[in-house]
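What follows is a set of notes on a single structure, which appears directly below.
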Amino acid sequence: MNGPCSFDYNLNMFRKRGSATKTSRSVGERTRELIFAKALELFRKRGFELTTMRDIADLAGVATGAAYYYFESKEAIAAVYYRQVQSLHAAKVREELAGMEGLRERLARAVHLKLEILKPDRKFLGALFRYTGEPGHPLSIFGMGTRTERKQSVEIFREALGGAELTEEWKDLLAWGMWLAHLGMILFFVYDQSEGQRKSHNLVDHFADIVAGLVEWTNSALVRPLLKPFQGKMVEMVRDAGWSEEA
């Protein structure tokens with residue numbers, strides 16, 4: 001497993017791909033990025049709850065009104081962070097999984113990369129979970145405000161399934177299952193006090209072992225016919241939930 005990666009460093013590198021250089025960006029764009037960077041600095045230092053928009057503006061050296069001009073709230077800043085993490089994760093997974101064989105290794109690496117990206121931000125990751133029970137909130141993991149990022153994340157896990165001999169329906173179901181499971185692993189990661197969050201990464205490895213073993217088992221000529229009726233029921237359940245439209 002590679003060492004932890006810096007979200008800031010990788011985000012800056014990600015921005016440079018086909019984007020304007022610093023000299024060509026407008027003052028407004030640079031101000032917005034400064035406010036965003038200072039907000040992350042405070043979120044990491046104090047946590048999300050204790051940080052105010054005034055604090056962010058003071059650290060960025062701008063008026064509080066200017067901070068609100070670019071971001072209507074600190075939740076809006078967290079939403080931008082969430083989108084950028086998802087985009088960075090997608091780019092890194094596609095880069096590292098290219099040519100990688102072995103279902104277990106591919107699934108594990110996809111989740112390890114997510115944890116590595118999030119490592120500097122464990123102190124305020126709770127902000128991305130606290131609104132789960134509010135469907136209308138833009139930060140709700142299951143809400144419409146995060147639909148694009150949710151779809152992107154599910155697609156990453158679908159790609160990680162790679163050349164596994166599965167029907168397209170099974171791939172969709174497993175991708176959704178991996179997405180749901182990785183949320184639980186991120187939550188465990190937030191509370192993990194072991195050195196380097198070793199327990200969380202071990203959990204990822206064990207889960208990847210289980211999923212890879214399950215896929216191998218379901219591909220058995222004896223088991224596959226028995227599972228087919230359940231597959232139909234599970235697909236129907238996902239469709240009734242409206243998730244199949246996002247897959």
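Structure notes:
- When we screen Thr132, Thr146, Thr167 for residues that are free of Cβ contacts under 8 Å to residues at least 24 places away in the same chain and of a type outside the set (Gly, Ala, Ser), the only hit is Thr132.
- When the test is whether a residue is in contact (Cβ under 8 Å) with a residue 40 or more places away in the chain, over 15 Å from Leu107 (Cα atoms) and basic (Lys, Arg), Arg158 does not pass it.
- Positions within segment 128-176 being of a type in the set (Val, Ile, Thr) and within 26 Å of Gly102 (Cβ to Cβ), in sequence order: Val154, Ile156, Thr167
- Qualifying residue in segment 150-159 (condition: over 16 Å from Leu113 (Cα atoms) and at pLDDT below 80): no
- Candidate set from segment 117-147 (those that are of a type in the set (Val, Ile, Thr) and out of contact with any Lys or Arg (no Cβ under 8 Å at 6 or more places or on another chain)); member that is surrounded by the fewest Cβ atoms within 10 Å (Cβ to Cβ): Thr132
- Boolean, Ser244 is modelled with pLDDT of 90 or more and in contact with a helix residue (DSSP H, G or I) (Cβ under 9 Å, 6 or more places away or on another chain): no
- Of the helices (runs of 4 or more DSSP H) entirely within segment 16-111, those holding at least 2 residues that are among the hydroxyl-bearing types (Ser, Thr, Tyr) and touching a Leu at 6+ places or on another chain (Cβ under 9 Å) occupy 74-97.
- Phe207 being assigned to a helix (DSSP H, G or I), touching a residue at least 40 places away in the same chain (Cβ under 8 Å) and in contact with a Leu (Cβ under 7 Å, 6 or more places away or on another chain): no
- Applying the criterion of being β-branched (Val, Ile, Thr) and in a loop (DSSP other than H, G, I, E, B) to the residues of segment 121-162, the residue that is nearest to Asp209 (Cα to Cα) is Ile141.
- Criterion applied to Ala63, Ala78 was being touching a helix residue (DSSP H, G or I) at 6+ places or on another chain (Cβ under 7 Å), without any contact (Cβ under 8 Å) to a residue 24 or more places away in the chain and either within 26 Å of Ser153 (Cβ to Cβ) or among the aliphatic types (A, V, I, L, M) (or both), and the one residue passing it is Ala63.
The values are calculated or read from the model by the stated rules, or taken from the named source; none is laboratory data. Every value quoted in this text rests on a predicted model; they were computed, and no experiment measured them. In this analysis, Cβ positions are derived from the backbone assuming ideal geometry, glycine residues included, and neighbour counts consider all displayed protein chains.
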